[in-house]
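The values are calculated or read from the model by the stated rules, or taken from the named source; none is laboratory data. Here the structure is a predicted model, which means the values were calculated and not measured. Note: ideal-geometry Cβ built from the backbone for every residue, glycine included; neighbour counts use all protein chains shown. We work out accessible area using only protein heavy atoms, side chains counted, and drop any ligands, DNA or RNA first. Shrake-Rupley method; radii C 1.70, N 1.55, O 1.52, S 1.80 Å.
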Amino acid sequence: MPVRILNQQQVTALLPMAECVDLMGKTLETLSAGGAILPLRTMLRLPDNRGIFGSMPSYLNPPDAIGLKAITVIPGNEGTKYDSHQGVVLLFEAKHGSLEAILDASSITAIRTAAVSGVATRVLARPDAGDLAILGSGVQAQTHLDAVAVARQLRRVRVWSRSRANAEAFRTQAAGRSPCPIEVCETAEAAVRGADVVCAVTAARTPIIERRWLSDGVHLNLVGSSQPTTREADSDTMAAARVYCDRRESLLAESGDFLIPKSEGRFGDDHLVGELGDVLLGKVPGRRSVSDITVFKSLGLAIEDLASAHLVTRRAEAQGIGTVLEIGGLRH
Ligand code: NDP
């Protein structure tokens, strides 16, 4: 059977942020409506805490497709030529089970993760939210700027990173795409104070956000941590917030941002208001007032990769993009 291979540049060109935000909204709705089969991901931990190899299978209907993301996450790659997330997404059609496409996973991960935060911002941030703080300056910082700009009209953008040089490099790289000048801040506090939307996209293991810095009415996208032992927001922030997630089962198994304050007795599982898809379907309420603090805790779901891979592959077929190989799959 013919298998289409799509590289990083091709995936990026075929998956514009605004369209990915809409696609992720529909995908999370499908999840909450029962249209997905989504086991928790398997994480193989490499020796010396070097990183992980993640295996993320899923089925989604629509579009009646199967996917598997196989990805390494090596935080030490930061500052080198290597992306910290590398791998492939395999796309199968579900009628006969044939492999249809092999796609670069770095680009899909970069775009779909931010697009999901774009959905969360669209659904949970105040309608007039225009003051953005980005904590972190890597791959996700870049795509989160694009995603939040899709969701809201930005009038101020601040960035903080541990390394000022990294924050300056972010500003230089993003300047042409930002609707307003980007300010580099010396501290996370200086970036966050007065912000309407905060995106935490770091590999921090301990909190970089404190409740006392946050304004009433702020919306936070917490993206960086996906392990029970690490987090980006302190317990007071989580306790004060209306908390939403991409998927309840993932949050309760993988999120240190939620599980650490829970283990301290700050709240129970019922502190989770609901999944984003439930809010989109009108099953659970979103923000209730302009002063609510809302948190979207992103863990990252295999169906987000699958839906992105499916859209990109259909487009690549229509436009004749990619390399097509006969790999096998027929009786012989
Ligand atoms: P990069 O390697 O490109 O960037 C990592 C960023 O984290 C840098 O800005 C770095 O900046 C910062 N950082 C590293 N260590 C610390 C620390 N101890 N305290 C504060 N900041 C730190 O990674 P990505 O942008 O691709 O990913 C960012 C995070 O998001 C990662 O943790 C990643 O695992 C997670 N992620 C989550 C996804 C999801 O679906 N929820 C999907 C993809 C990624 P500096 O060195 O200047 O501090």
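Points worth noting:
- Test result for residue 153, in contact with a Gly (Cβ under 8 Å, 6 or more places away or on another chain), assigned to a helix (DSSP H, G or I) and open to solvent by 10 Å² or more (accessible area, probe 1.4 Å): no
- Comparison of 17, 24 shows that the only residue that is touching a residue at least 24 places away in the same chain (Cβ under 8 Å), touching a helix residue (DSSP H, G or I) at 6+ places or on another chain (Cβ under 8 Å), farther than 17 Å from residue 249 by Cα and open to solvent by 20 Å² or more (accessible area, probe 1.4 Å) is 17.
- Of all residues in the range 47-60, exactly one satisfies the criterion of being outside any strand (DSSP E or B) and surrounded by 13 or more Cβ atoms within 10 Å (Cβ to Cβ), namely 51.
- Every residue from the range 206-219 that is outside any loop (DSSP other than H, G, I, E, B) and either within 17 Å of residue 161 (Cβ to Cβ) or open to solvent by 10 Å² or more (accessible area, probe 1.4 Å) (or both): 209, 211, 212, 213
- Taken across the range 98-106, residues that are open to solvent by 30 Å² or more (accessible area, probe 1.4 Å), free of Cβ contacts under 8 Å to residues at least 60 places away in the same chain and not small (Gly, Ala, Ser) do not occur at all.
- Filtering 67, 35, 54, 87 for residues that are modelled with pLDDT of 95 or more and more than 21 Å from residue 143 (Cβ to Cβ) leaves a single hit, 35.
- Flag for residue 233 being closer than 16 Å to residue 292 by Cβ and within 13 Å of the ligand (Cβ to nearest atom): yes
- Residue among 239, 318 that alone is closer than 30 Å to residue 9 by Cβ, free of Cβ contacts under 8 Å to residues at least 60 places away in the same chain and open to solvent by 20 Å² or more (accessible area, probe 1.4 Å): 318
- Restricting attention to the range 156-191, the residues that are in a strand (DSSP E or B) and within 13 Å of the ligand (Cβ to nearest atom) add up to 3.
- Checked against the criterion of being closer than 21 Å to residue 246 by Cα, among the charged types (D, E, K, R) and in a strand (DSSP E or B), the range 77-97 contains not a single residue that satisfies it.
- Condition met for residue 194 (touching a residue at least 60 places away in the same chain (Cβ under 8 Å) and surrounded by fewer than 18 Cβ atoms within 10 Å (Cβ to Cβ)): yes
- Residues satisfying the stated conditions in the range 67-89, i.e. more than 10 Å from the ligand (Cβ to nearest atom) and in contact (Cβ under 8 Å) with a residue 40 or more places away in the chain: 67, 68, 69, 89
- Unique match (being within 14 Å of the ligand (Cβ to nearest atom), open to solvent by less than 40 Å² (accessible area, probe 1.4 Å) and small (Gly, Ala, Ser)) among 129, 133, 94: 133
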